[in-house]
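Remarks on the structure that follows.
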There are 2 protein chains.
Amino acid sequence: MRILLDGMGGDNAPFEIIKGAVEATHEIKDEIIIIGIEDEINNELNKFKGKYNENQIKVVHASEVITNRDAPVKAIRTKKDSSMVKGLTMIKSGEGDLFISAGNSGALMAGSLFIIGRIQGIDRPAIATVYPIIGGKPSFLVDAGANAECKPTNLLEFATMGSIYMERVIGRSNPTVGLVNIGEEETKGSTLTKASYELLEKSRINFIGNVEARDVAYGVCDVIVCDGFVGNVILKLTEGLALNILRKLKQVFTDGPIAKIGAALLLPKMKELKSELDYKEYGGAPILGVKGAVIKMHGSSDAKCVRNSIIKGLPYANQNIVQIIQDAVEELEEIGISEQSGI
Amino acid sequence: MRILLDGMGGDNAPFEIIKGAVEATHEIKDEIIIIGIEDEINNELNKFKGKYNENQIKVVHASEVITNRDAPVKAIRTKKDSSMVKGLTMIKSGEGDLFISAGNSGALMAGSLFIIGRIQGIDRPAIATVYPIIGGKPSFLVDAGANAECKPTNLLEFATMGSIYMERVIGRSNPTVGLVNIGEEETKGSTLTKASYELLEKSRINFIGNVEARDVAYGVCDVIVCDGFVGNVILKLTEGLALNILRKLKQVFTDGPIAKIGAALLLPKMKELKSELDYKEYGGAPILGVKGAVIKMHGSSDAKCVRNSIIKGLPYANQNIVQIIQDAVEELEEIGISEQSGI
């Protein structure tokens, strides 16, 4: 496999991106192609001379950089020689098998749609992400924010793509799928959730019904399905709450000498809790539903995150997930689900 | 003020309800009228003989009980002699100033609409709730789940009613109002949030713009405005995550003798954290937008929660919040907001 890495995307580019790539080469044999301003990338790579197999990392020059301040669609249209546009174009042309970027999320989504294109039959590609569960196996959330407004068929697509990714890439067999709703009964919720429930029930995925947000926090299902607005709220609220509770704990733990002793005794255990909540452990977020394997990393990704995104994202390409999603869509059409779902 | 208390609603009725009422009489001088099966309530009340001023608590008989298994609308229509229907009817007729119930939420909402009726100009009454902020002052969330689907005008109503309640009942002057969205920029989000943003900006409330769920967890605004679907997700996810983190901490703290010593040293501080997350501290959730003061308590309310709901809910009645909301709606109409908001 040839992994294309956006050398210029994210808050810590290019150094942490390159460091992560170097670290990944210690664990995989695949080729990593770093795209970006050649001089800058080579300068950084030189710092690791002798610490990695030089045949395994290549650099492809791209003179422009898409930043977080750029308007997504405009950036994709005008910055033709940016690392992001170049990476996506190389996926399209088959010069690479997986593209990973910590850059502008909107631009990466727009670029994936415009340059690589949707899988036939998928109306709305989604961003999906591993959702950490404290004291349990992580779930997988689709859509995490790409589509603020959805139709029931979109949620069926999310559920199908999420199941496939969860099973083939994350390795959870026959994953359970839950629909986020404000009540467990079939008749609860909004027009969207009620109609989506009917579709999901008819599909071949392992649908367990509506799940309430309270139970999502406990890991009630493997794949969490919702529209991108709700998904984004779930993801960001979890992040905010976890950080806030950890901050409060830190304050509690350092408030006076007795508390400090108590905290010192608990330190190793607390590290375990913190690591369970750490998104860096889980790699990046795949864009699902486009005709190529693209992974979005957190904007503040460091080398550890880059390394994990490469290693954990590799099966997205080498398991041929795009083809499997394509086949599943055809299957959905065959069993008539798509026709019934127009709303 | 005459407080009407549903003696039969919730998992711990009637005992905890009555115990809470007795405890409340130690702090307020207002009359409490407990509605329910007379014999059962008097039996329980007798246990507190001599421990409260008997002139302060009265019992009104209601032969039927609405349970959580009852279909809300049907229950309100058929169980005419239930404690809930009787309480709402007494609010309507002016025989009581505040009705508090831990019973079937859907039935309480439906009953409030059918029996008491909406405030003129309010399209969608909402359930609002105090939202605990770790290490900060609590926020106030509207809508917490009554309306799964909303129009922009509904969100304007929620914001207006929430501001009034936050200022007059909870006592936060000139409260800031934030619109839950998946990005801070005015142009981000769904059709609903974009149109709601425009309305909120034109209103007289202290609108601070879009707020992301991450910042909601930190208490970024006093009043959190969103549709009932998103509000319910926020509320329940917070509950689930907080419980899950506390459970994990408990496990960490009891895992081996060294951890136990550490935990013992931290115990007083940890209690503080737990109490910040405890909904029982904050009283019940007001139904806003109906022509009477109605408060919903958590189904699992104990005496402490009942006591707090009575004491903290009292200003809902004695500050004449219903009239203030009515005046605000007229004001909104006068400044032409209502007309612009039809979508």
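The values are calculated or read from the model by the stated rules, or taken from the named source; none is laboratory data. Everything numeric here is computed off the predicted structure, so don't read it as measured data. Note: ideal-geometry Cβ built from the backbone for every residue, glycine included; neighbour counts use all protein chains shown. Ligands, DNA and RNA are stripped out before the accessible areas are found, and what is left, the full protein with its side chains, is counted by its heavy atoms. Shrake-Rupley method; radii C 1.70, N 1.55, O 1.52, S 1.80 Å.
Of all DSSP-defined beta bridges confined to region A:126-279, some 25% are antiparallel rather than parallel.
Using only side-chain charges placed at the Cβ, +1 for Lys and Arg and -1 for Asp and Glu, the dipole size of the protein assembly as shown relative to its Cα centre rounds to 1600 debye.
Count, for each residue of A:305-315, the Cβ atoms from other chains sitting within 10 Å of its Cβ, then give me the mean as a whole number. Can you show the working numbers first?
Details: counts 0, 0, 0, 0, 0, 0, 0, 0, 0, 0, 0.
The mean count of partner-chain Cβ atoms within 10 Å per residue comes to 0.
Distance cut-off 18 Å, Cα to Cα: go down the list A:LYS51/A:LYS86; B:LYS47/B:LYS79; B:LYS29/B:LYS312 and report the pairs above it.
Working: A:LYS51/A:LYS86 28 Å; B:LYS47/B:LYS79 29 Å; B:LYS29/B:LYS312 14 Å.
The answer is A:LYS51/A:LYS86; B:LYS47/B:LYS79.
Only protein heavy atoms count here; under a 1.4 Å probe, B:SER93 has an accessible surface of about 70 Å². Computed log10 I(q)/I(0) for the protein assembly as shown at 0.05, 0.10 Å⁻¹: -0.27, -1.00, from the Debye equation with unit scatterers placed on every C-alpha and solvent omitted.
Have a look at B:ILE234, B:LEU113, B:THR25 and report the one farthest towards the positive end of the charge dipole of chain B, computed about the Cα centre with Cβ charges (Lys/Arg +1, Asp/Glu -1). Going by the charge dipole, the pick is B:THR25. Its relative contact order, with pairs defined as Cα atoms under 8 Å and 6+ residues apart, puts region B:44-87 at 37 percent.
Averaging Cα coordinates gives a centre for region B:232-290 and one for region B:1-44; these two points are 28 Å apart.
Counting only protein heavy atoms, what percent of the accessible surface of chain A is carbon or sulfur at a 1.4 Å probe? Let's see the in-between values first.
On the way: 6570 of 13770 Å².
After summing per-atom areas, the C and S share lands at 48 percent.
Listed values for region A:293-298 are Karplus-derived 3J(HN,Hα) couplings in whole Hz (6.51 cos²θ - 1.76 cosθ + 1.60, θ = phi - 60°), namely 8, 10, 10, 9, 9, 4, and x replaces Gly and Pro. Taking all protein chains as they are arranged and a probe of 1.4 Å, the heavy atoms of A:ARG2 leave approximately 80 Å² accessible to solvent.
Three principal axis extents of chain B based on alpha-carbon atoms, in descending order, are 63, 61, 35 Å. Whole-Hz Karplus values for region A:29-39 come out as 9, 6, 7, 10, 10, 8, 10, x, 5, 3, 4 Hz, taken residue by residue from phi with 6.51 cos²θ - 1.76 cosθ + 1.60 and θ = phi - 60°; glycine and proline positions read x. Per-residue surface analysis assigns A:THR254 an accessible area of about 80 Å², computed on protein heavy atoms at 1.4 Å probe radius.
Please report the projected area of region B:1-83's Cα convex hull averaged over all directions, in nm². About 5.5 nm², averaged over all directions. Sorted from shortest to longest, the distances between the A:PHE48 label points of this copy and the other copies are 6.9 nm, with each point 7 Å from Cα along the line through the beta carbon.
Take every DSSP beta bridge with both residues inside the protein assembly as shown and express the antiparallel ones as a percent of the total, to the nearest 5.
On the way: 20 of 78 bridges.
That works out to approximately 25 percent antiparallel.
Looking at chain B, the DSSP beta bridges with both ends there are about 25 percent antiparallel.
What the Cα atoms of region B:115-208 give is an Rg and a Dmax of 13.4, 42 Å.
Take A:ASN318, move 7 Å from Cα toward the beta carbon, and the resulting point lies 7.2 nm from the same point in each other copy, nearest first. For region B:154-309, the solvent-accessible area of protein heavy atoms averages 36 Å² per residue (probe radius 1.4 Å; ligands and nucleic acids excluded).
For A:242-253, what's the mean count of beta carbons from other chains sitting within 10 Å of each residue's beta carbon? Write out the running numbers ahead of the final one.
Details: counts 3, 3, 8, 11, 2, 3, 8, 7, 0, 4, 7, 5.
Counting other chains' Cβ atoms within 10 Å and averaging over A:242-253 gives 5.
Any idea what log10 I(q)/I(0) is at q = 0.14, 0.15 Å⁻¹ for region A:126-279, Debye with uniform C-alpha scatterers and no solvent? Log10 I(q)/I(0), no solvent term: -0.68, -0.75. One compactness figure for region A:178-232 is 1.02, namely its Cα radius of gyration divided by 2.2 N^0.38 Å. Inter-chain neighbour count for A:221-233: the average number of beta-carbon atoms from partner chains within 10 Å of each residue's beta-carbon is 4.
Restricting to Cα pairs below 8 Å that are 6+ residues apart, what does the relative contact order work out to for chain A? Please round to a whole percent.
Details: 692 pairs, mean separation 78.4, N = 343.
23 percent.
Its relative contact order, with pairs defined as Cα atoms under 8 Å and 6+ residues apart, puts region A:126-279 at 30 percent. Taking amide H as placed 1.01 Å from N in the peptide plane, B:VAL223 has its amide H under 5 Å from the amide H of B:PHE140, B:THR176, B:VAL177, B:GLY178, each at least 5 places away in sequence or on another chain. Remark: region A:126-279 carries a charge dipole of roughly 640 debye about the Cα centre, counting +1 on each Lys and Arg Cβ and -1 on each Asp and Glu Cβ.
Between B and A, buried accessible area summed over both sides at probe 1.4 Å, in Å² to the nearest 100? Using a 1.4 Å probe, the pair buries roughly 4900 Å².
Residue-wise HN-Hα couplings along region A:172-181, as the Karplus relation 6.51 cos²θ - 1.76 cosθ + 1.60 with θ = phi - 60° gives them from phi, are 9, 7, 6, x, 7, 10, x, 9, 5, 8 Hz; Gly and Pro carry x. Cα centroid separation, region B:117-163 to region A:98-155: 30 Å.
If the Kirkwood radius is taken over C-alpha pairs of region B:189-343, then at 37 °C and 0.692 mPa s the Stokes-Einstein diffusion coefficient equals 171 µm²/s. Each copy carries B:GLU201; placing its label point 7 Å along the C-beta direction from Cα gives inter-copy distances of 4.3 nm, listed from smallest up.
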